1. Per Stokes-Einstein, at 10 °C and 1.306 mPa s, what whole-number D in µm² s⁻¹ belongs to the chain, with the Kirkwood radius over Cα pairs as the hydrodynamic radius?
2. Tell me which GluC sites (Glu not before Pro) from the range 1-108 have a DSSP coil assignment and no more than 16 other beta carbons within 10 Å of their own.
3. Between residue 137 and residue 247, what FRET efficiency comes out of the Förster formula 1/(1 + (r/R0)^6) with R0 = 35 Å and r the beta carbon distance, rounded to 0.05?
4. Treat the count of other C-beta atoms within 10 Å as a stand-in for reagent exposure and order 238, 34 from fewest to most.
5. How many angstrom separate the Cα center of the range 20-84 from the Cα center of the range 91-109?
6. If you average the sequence gap of Cα pairs under 8 Å that are 6 or more apart and divide by the length of the range 1-109, what percent do you get for the contact order?
7. Given the options 27, 169, 5, identify the residue whose Cα lies farthest towards the positive end of the charge dipole of the chain (+1 on Cβ of Lys, Arg; -1 on Cβ of Asp, Glu).
8. Taking neighbour Cβ counts within 10 Å as the exposure measure, how do 169, 242 sort from fewest upward?
Amino acid sequence: MTRTQLVMANWKQQGSEPALKHWLSEVSVPDLAKLSRVLCVPLPYLAALRQQRATLQSPVLAGAQLVSAWSGGAYTGEVSAAMLREFGVAYTLVGHSERRQWLQETADSRRAQLAALWQQGITPVLCVGETAAQHQQGQTFAVLWQQLAEVLDPQPAPGPLVLAYEPVFAIGSGQPLSAPDAQQVHQQLRQLLQHWYSAADCQQIRILYGGSVNSNNAAEYLRYPDIDGVLVGSGSLKADSFNTLCRAIAAVNTSQCVALP
């Protein structure tokens, strides 16, 4: 089963409107037109992203970093999935570890966010990953199972999904998980998904690796069969390094892939 490679840039709470316009002009290069790229910007820049995307030579899809668990109402500061759809958002992060840690996002909230996005035809990018202590204690797969089950078990009909595996200890640390180790986790995640999706659907779901991904190491992950793309943080802020990363990934083909036993 061949899945389309996906590269997601997550600017987090960084950037400016001039920086966004410059970045988009620099990544609008014809040789990357066939690579699926998504830019997750802070919410105030979605309007500028929508306007600028119309002029690009090669597409960059709009992504959001968060969504409200509520469809609308008296929830000051919240942004609904319907509002995101108005700005052409195609993907939205759900459950990033930074939001779980610093903003105490609950499983109930993540579950409702998934349902809200599916209702509006936006694909959730569900982030999962263990801490350093959990990793060292051999709890990786138990933690991932819990993180999936607590949001997918109550869903009457789970919809389209992208998974992003981000070991918490690798995010922003400069110490990424090795590609072989990441492949092992991705393979297990694809198997776990069969509890909620058919075997055929599981082969369609893209699973991204995130955590200190940069232009020097990104392509190595894509050489493994269950790693379908990357979620890039600081490595995506500069257009030239992001272009280098994307070109390295685009150059990966089946002849370069690792053959697993």
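What follows draws every value from the coordinates through simple rules; no lab data is involved. Treat the numbers as computed from the prediction; the structure is a model and nothing was measured. Glycine gets a Cβ as well: all are built from the backbone with ideal geometry, and neighbour counts include every protein chain shown.
1. In µm²/s, the coefficient rounds to 86.
2. Hits after loop and neighbour filter: 78.
3. E(calc), rounded to 0.05, equals 0.35.
4. Final ranking by Cβ density, sparse to dense: 34, 238.
5. 19 Å
6. After rounding, I find 23 percent.
7. Highest projection toward the positive end goes to 27.
8. 169, 242
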